[in-house]
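**Student:** Take a look at this one; I'll ask things after.
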Amino acid sequence: MPPEASNTLLQLPDLADDIGGKRGKIGRMHRLFVALRPPPAVRAALAATMDGVPQARWQDDDQLHLTVRYIGQVDRRMAEDIVLALGQVHAPPVDIALSGVGAFDKKGRVDALWAGVTPHDALAALHRKVDHALVRLGLAPEGRAYLPHFTVARISRSAGFGPEVERWLAAHAGLASPVFTIEHMTLFESHLGGEAAGYEVVERWPLA
């Protein structure tokens, strides 16, 4: 399903038994996260960086997003509460631009390649509002510093930090774009399978 489509949890066919007064009947768990989808031109600019690292698993177009808040696995009851709570979050559209690249690594083993954005202020404010809304539902607060970015590739940690990664970082250090506006916030469900996760839209809200 294209990420721009909307399909709430209440409409998912495998959860149909929970509809009609059976809200307390918990089905499977849902792996959720809140994110922003970049416009097509920005996705094309990100796709243009996806080369030169043989061990990288480059992101598909429909996987490109900027995470506002990772939620993790929740049951249906909590998922419904999350949809309602996020619908009460009010924030203006976000104006940002691509700015540089980086890598996440642990002990010299690279996990991911990413593209940065600037400025961070509006994104950090949105992150705080979403985090507070989720904490009020009983979820744990975000436990790590928030660094807004677009993941462009995931890399097996066994690959290490090779010269290809260093060359990629150097080649795209100057990544930049005109300022673009993101006007919607989206709740996604992640479906794990094979080598890549699939992302399905749960609900989408305007930033205004």
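The values are calculated or read from the model by the stated rules, or taken from the named source; none is laboratory data. Because the structure is a prediction, the values reported are computed rather than measured. Heads up, the Cβs are rebuilt from the backbone with ideal geometry, glycines too, and the neighbour counts pull from every protein chain shown.
**Student:** Answer yes or no: is there a residue in segment 152-164 that is crowded, with 16+ Cβ neighbours inside 10 Å and in contact with a helix residue (DSSP H, G or I) (Cβ under 7 Å, 6 or more places away or on another chain).
**Tutor:** Looking for residues that are crowded, with 16+ Cβ neighbours inside 10 Å and in contact with a helix residue (DSSP H, G or I) (Cβ under 7 Å, 6 or more places away or on another chain), one finds at least one in segment 152-164, hence yes.
**Student:** Let me ask something additional. Which one of 141, 92 is surrounded by fewer than 15 Cβ atoms within 10 Å (Cβ to Cβ), farther than 22 Å from residue 47 by Cβ and more than 18 Å from the chain's Cα centre (by Cα)?
**Tutor:** Going through 141, 92 in turn, just one is surrounded by fewer than 15 Cβ atoms within 10 Å (Cβ to Cβ), farther than 22 Å from residue 47 by Cβ and more than 18 Å from the chain's Cα centre (by Cα): 92.
**Student:** Test each condition in (1) surrounded by 15 or more Cβ atoms within 10 Å (Cβ to Cβ); (2) at pLDDT 95 or above for residue 27 and report the one that comes out false.
**Tutor:** Every listed condition holds for residue 27 apart from (2).
**Student:** Identify, from the list 147, 113, 126, the residue that is modelled with pLDDT of 95 or more and under 18 Å from residue 37 (Cβ atoms).
**Tutor:** Testing whether each residue is modelled with pLDDT of 95 or more and under 18 Å from residue 37 (Cβ atoms) leaves just 126.
**Student:** Which is assigned to a helix (DSSP H, G or I) and either aliphatic (A, V, I, L, M) or touching a residue at least 40 places away in the same chain (Cβ under 8 Å) (or both), of 115, 145, 125, 153?
**Tutor:** Step by step, each of 115, 145, 125, 153 is checked, and only 125 is assigned to a helix (DSSP H, G or I) and either aliphatic (A, V, I, L, M) or touching a residue at least 40 places away in the same chain (Cβ under 8 Å) (or both).
**Student:** Pick from segment 165-203 the residues that are among the β-branched types (Val, Ile, Thr) and at pLDDT 95 or above: which of them is surrounded by the most Cβ atoms within 10 Å (Cβ to Cβ)?
**Tutor:** Here the answer is 202.
**Student:** In segment 100-112, how many are without any contact (Cβ under 8 Å) to a residue 40 or more places away in the chain, more than 18 Å from the chain's Cα centre (by Cα) and assigned to a strand (DSSP E or B)?
**Tutor:** So the answer is 0.
**Student:** So which residues in segment 31-52 are assigned to a helix (DSSP H, G or I) and not small (Gly, Ala, Ser), if there are any at all?
**Tutor:** Across segment 31-52, the qualifying residues are 40, 42, 43, 46.
**Student:** Still on this model: Assuming residue 107 fulfils every condition listed in (1) touching a helix residue (DSSP H, G or I) at 6+ places or on another chain (Cβ under 7 Å); (2) farther than 19 Å from residue 188 by Cβ apart from one, which condition is it?
**Tutor:** (1)
**Student:** Oh, and also: May I ask you to list the residues in segment 65-79 that are closer than 17 Å to residue 136 by Cβ and not in a strand (DSSP E or B)?
**Tutor:** Across segment 65-79, the qualifying residues are 77, 78, 79.
**Student:** Taking the condition loosely packed, with under 13 Cβ neighbours inside 10 Å, outside any strand (DSSP E or B) and small (Gly, Ala, Ser), does residue 133 pass?
**Tutor:** no
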